[in-house]
Amino acid sequence: MPSRTRPRAFDALLSAARPERVGVVTSAVGLSIEVAGLRCAIGDLVQVGSAPNAVDAEVVATAEGRARCMPLGRLSGIGAGDPVRTNGSGVVVPTGRGLFGRVIDALGRPVDGLGPLDSGARVPVDNEAPSAMDRARIDTPLTTGVRVLDTLTTLGRGQRIGLFAGSGVGKSSLLSMVARGTDAEVSVIALVGERGREVREFLEDDLGPEGLARSVVVVATSDEPAMMRRRAAFTATRIAESFRDAGKHVVLMMDSLTRVSMAQREIGLSVGEPPATRGYPPSTFSLMASLLERAGTGPTGSVTGIYTVLVDGDDHNEPIADQARSVLDGHVVLDRAIAVTGHYPAVDPLGSISRVASRVTTAEQRSVALTLRKVLAARRKAQDVLDIGAYKTGTDRLVDAALEHEAAINGFLQQAMTDQTPAPEAWSRLTRLAEALAGEEA
């Protein structure tokens, strides 16, 4: 019976029927536990110690007669000689419509105080990415409700795109706008490595009851073990995949991909991987590719992935940002210089690109978007001359148009967090603005 269709009771019976195997802790150093005498495989869950100090862990490396495990909880009270038990099963995650409006942890356990989950079948967290030949072509735009995204960086259903910015520039706020304004049927949100204080603020203030009602939120705060932070990303992805398999169009939002990579760096270094670029072991970059490739289109449904990338020191060429750009289908750049002026969302339209925009927009739409881009580019090129007051009207018609319609341009690019603009209205506003700019240019 396929795991994705069998009932939970059947899974429970299978788990109970598996023989329990017992090993022993030989050492607990740093973030990892070494176990001897336990036959297990990478990805298996084990229970270390005895109640009430028992802690779950996941096998991440094996050698002859020994296994290296990473804890999914605190190691306090665990010592050499403690028993380690496993029945050879891996992590499973809940699925189904009963997850809507719920907040769960990386292991699929509810953390919102609303009682047990009324979920469907539980499925293994690990899954294969869709085959390259089984993926449907991306040909339908995804509405986000954010004007600058829907028109100048148009997303398609099944696309993977990154939001690149330093800390405090508005990545989480932009994600919440997308969660409330998207036309996707389901939103799955992974908050990885977030400050504990910010979780409730995001849920109650940014996301709100309207956004939460059709969302599933997976949370692993910054104080949780690295294994839980990495696992949260895969749990959210697997939940999104389960809705895609049911024919739904899903938007998967992950904040942040950088913290997932940092968690993998901790794990890799703890099990003996050599540090490579800026201390990241090789497994970090392969994990990133395997995680991102799981989003995309299926035969019927789709998972549109939106991943925030916290660029180190606002350096957009640091290793994680560079690797993410090479795998993703586009990037949206949030600029601190724009944010400090009170311009939100602080999207840099000239630095942002969607690699599928040409496939999901019409020629007319691309034309009006290009008109605005040309005017913005001319204004940026002339900014130094404008700053010193040396620009003379008539020198450049595009710059003249930018100055003449500056208020209208800013009014279009800026948007309140509570404002949701339908895509037809956003394109209509851009068309009128482009006509005004073209008239001024002429």
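Just the number, please: percent antiparallel of the DSSP beta bridges in the chain, rounded to the nearest 5.
55 percent
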Length released on extending from SER286 to ARG397, taking residue separation times 0.36 nm less the Cα-Cα span | 35.1 nm
Quick one: net charge around ALA240, please, counting Lys, Arg +1 and Asp, Glu -1 for every other residue with C-beta under 11 Å from its C-beta.
-> +2
Taking alpha-carbon centroids only, the stretch 243-315 lies from the stretch 141-160 a number of Å equal to 21 Å
Place the peptides 76-88, 171-183 in order of packing, highest mean first, counting for every residue the other Cβ atoms within 10 Å and averaging per peptide.
-> 171-183, 76-88
Can you work out ³J(HN,Hα) from phi for every residue in the stretch 383-390, in order, using Karplus 6.51 cos²θ - 1.76 cosθ + 1.60 and θ = phi - 60°, giving whole Hz and x for Gly and Pro?
-> 4, 4, 5, 5, 5, 9, x, 9
What are the residues whose amide H is under 5 Å from the amide H of GLY162, where those residues sit 5 or more places off or on another chain and H is modelled from the backbone?
-> TYR307, GLY330, HIS331, VAL332
By per-residue mean of other Cβ atoms within 10 Å, what is the highest-first order of 404-416, 154-166, 365-377?
-> 154-166, 365-377, 404-416
Sum of -39500 (n - 2.57) over DSSP H runs of 4+, divided by residues of the chain (222 nm, nearest 500) = -10500 deg cm²/dmol
Å² per residue, accessible surface of the stretch 320-363 at 1.4 Å | 41 Å²
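For the stretch 70-187, what is the accessible area per residue in Å² when the probe is 1.4 Å?
So the stretch 70-187 comes to 36 Å² accessible per residue, rounded to a whole number.
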Can you tell me what the convex hull of the Cα atoms of the stretch 367-442 projects to on average, as an area in nm²?
-> 5.5 nm²
Highest average packing first - 108-120, 209-221, Cβ atoms within 10 Å | 209-221, 108-120
Carbon/sulfur fraction of accessible area - the chain, other protein chains in place, 1.4 Å, % | 52 percent
Check each of the GluC sites (Glu not before Pro) in the stretch 21-90 and keep only those in coil by DSSP with at most 13 other C-beta atoms within 10 angstrom; list them in order.
-> GLU64
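The values are calculated or read from the model by the stated rules, or taken from the named source; none is laboratory data. It should be emphasised that the depicted structure is a prediction, and the values quoted were computed from it without experimental measurement. No Cβ is skipped: glycine too gets one built from the backbone with ideal geometry, and neighbour counts run over all protein chains shown. For the accessible areas, the whole protein counts, side chains as well, though only heavy atoms, and no ligand, DNA or RNA atoms are used. Shrake-Rupley method; radii C 1.70, N 1.55, O 1.52, S 1.80 Å.
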